Amino acid sequence: MAPAGLSLGAAILCLLAWAGLAAGDRVYVHPFHLLVYSKSNCDQLEKPSVETPPDPTFTPVPIQTKSSAVDEEALWEQLVRATEKLEAEDRLRASEVGLLLNFMGFHMYKTLSETWSVASGAVFSPVALFSTLTSFYVGALDPTASRLQAFLGVPGEGQGCTSRLDGHKVLSSLQTIQGLLVAQGGASSQARLLLSTVVGLFTAPGLHLKQPFVQSLSSFAPITLPRSLDLSTDPNLAAEKINRFMQSVTGWNMGRALTAVSPDSTLLFNAYVHFQGKMRGFSLLPGLKEFWVDNTTSVSVPMLSGTGTFHFWPLSANTYLLLIQPHHTPDLRKVEALTFQHNFLTRMKNLSPRAIHLTMPQLTLKASYDLQDLLAQAKLPTLLGAEANLGKISDANLRVGKVLNSVLFELKADGEQAPESVPQPAGPEALEVTLNSPFLLAVLERSSGALHFLGRVSRPLSAE
């Protein structure tokens, strides 16, 4: 299915037309003036008479220290409150960050998806990726800070203080972007979206972290858990301890998100994201239905069904689910490459709404990826390597190991199970669409234009 306004017969034609346009597009260079240091900030920073006291530090507690369970309701309320008093400049700043993270997200999704097998499904969070890299920017000194700023999409090297990215503004905007995603349904909405982000900072014993850096992470990850453990003696055991710790604190079944750590690591930065969306006006169909992984293989999975008139499928008043299915499963990668490009959202605006009766799988997607691997594939293997200057994170000579982003993505019906004996009418003009073979998805927040998730559904999980 194309994003809800395209018929299946037109989906590939439109995608091929887009491919012809891509070569002629110019990348729009936006003046990100709302994200850099102001003149007054720079004057304050550059005052020679001001002596800055050293940042206070602390030693993370051992990983076996008892920790409170994550309260996702409280995290939701915190995100909603962050959007209640937004000013026009806050929204503009969020749009600028949305533009940056989308551009990076499409590029890194392409890099990551090339490592997936055709039969594997996965999900990727541009917001988590951009937030993680911005966090390292906040903790970096030059030349690492300048290299990270350029990679984030805002060149500023050699242009003076007022061209330097203000990482705290960016992290605050990322909180706004997350808040806008979940704030639309209201506390009593049955179809309310949940989005929770937790960061684990795992250090070698005795390493001191700087408090301002850890506190800055609270903008995009309200729960940040600094913990220490032996990373060198038994790297596999260290990974098991971290996985068990995060499972016990979050309650999220991420699988074995972390498989091993490098024995010479002194810092691991792991971001965990849980998204739960509900399809408005959808019901869970009774029993299990067939989903065809390829022409000869099928699996039995729970299916959802609903009818509406849309060009995007709304998850809330301001959040859309985009669904793209090729005619033929072997073409999935070609369609993926043509669709998920930087001008994807501009092209989506040209779609016309139409009535659709949609049947699709209930989704539980899990993915974990190491940003160090992505940086290496992007020909930047040393950006967070042994020579990186991360003096705002710690005065120690840090050796950053794995930088993990783990995502748990869930999509369910907002209604009760449909009765077995009462078929759901599609209506005389509704297009009947059944997503029972591999397809692509994206979750978009309209106000900021930020893409929160990109994914490929090749083999949905059976009922759990």
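The values are calculated or read from the model by the stated rules, or taken from the named source; none is laboratory data. Worth saying up front: this structure is predicted, and the values here are computed from it rather than measured. Backbone-built Cβ (ideal geometry, glycine too); neighbour counts: all protein chains shown. All accessible areas refer to the heavy atoms of the entire protein, side chains included, with ligands and DNA or RNA removed. Shrake-Rupley method; radii C 1.70, N 1.55, O 1.52, S 1.80 Å.
Can you give me the number of residues within the range 196-213 that are farther than 14 Å from Val61 by Cα and either at pLDDT below 95 or of a type in the set (A, V, I, L, M) (or both)?
Residues in the range 196-213 being farther than 14 Å from Val61 by Cα and either at pLDDT below 95 or of a type in the set (A, V, I, L, M) (or both): 2 in total.
Contact list please: Cβ distance under 6 Å, first residue in the range 388-407 and within 17 Å of Arg147 (Cα to Cα), second residue assigned to a strand (DSSP E or B) and not basic (Lys, Arg), pairs at least six apart or on different chains.
Hits for this filter: Val400/Leu267.
For residues that are buried (at least 19 other Cβ atoms within 10 Å of the Cβ) and not aliphatic (A, V, I, L, M), scanning just the range 114-132, find the one that is nearest to Leu390 (Cα to Cα).
The selected residue is Thr132.
I need the full set of residues from the range 79-91 which are touching a residue at least 24 places away in the same chain (Cβ under 8 Å), under 19 Å from Val170 (Cβ atoms) and either assigned to a helix (DSSP H, G or I) or open to solvent by 40 Å² or more (accessible area, probe 1.4 Å) (or both), in order please.
Leu79, Ala82, Glu89, Asp90, Arg91
Do we have Asp230 as assigned to a loop (DSSP other than H, G, I, E, B) and modelled with pLDDT of 95 or more here?
yes
Does Leu345 qualify as being in contact with a helix residue (DSSP H, G or I) (Cβ under 6 Å, 6 or more places away or on another chain), open to solvent by 20 Å² or more (accessible area, probe 1.4 Å) and part of a helix (DSSP H, G or I)?
No, not satisfied.
Quick check: anything in the range 207-218 buried (at least 16 other Cβ atoms within 10 Å of the Cβ), among the hydroxyl-bearing types (Ser, Thr, Tyr) and either touching a strand residue (DSSP E or B) at 6+ places or on another chain (Cβ under 7 Å) or closer than 22 Å to Ser368 by Cα (or both)?
no
So Gly287 fits all but one of (1) modelled with pLDDT of 95 or more; (2) open to solvent by 50 Å² or more (accessible area, probe 1.4 Å); what number is the exception?
Condition not satisfied by Gly287: (1).
Tell me, which residue of the range 149-169 that is among the small types (Gly, Ala, Ser) and part of a helix (DSSP H, G or I) is most open to solvent (accessible area, probe 1.4 Å)?
Ranking the candidates gives Ala150 first.
Can you name the residue in the range 428-449 that is of a type in the set (Gly, Ala, Ser) and more than 18 Å from Gln276 (Cβ to Cβ) and is also farthest from the chain's Cα centre (by Cα) among such residues?
Checking each candidate, the answer is Ala430.
Just one of (1) open to solvent by 20 Å² or more (accessible area, probe 1.4 Å); (2) within 28 Å of Ser117 (Cα to Cα); (3) at pLDDT 95 or above trips up Lys392, so point out which.
(2)
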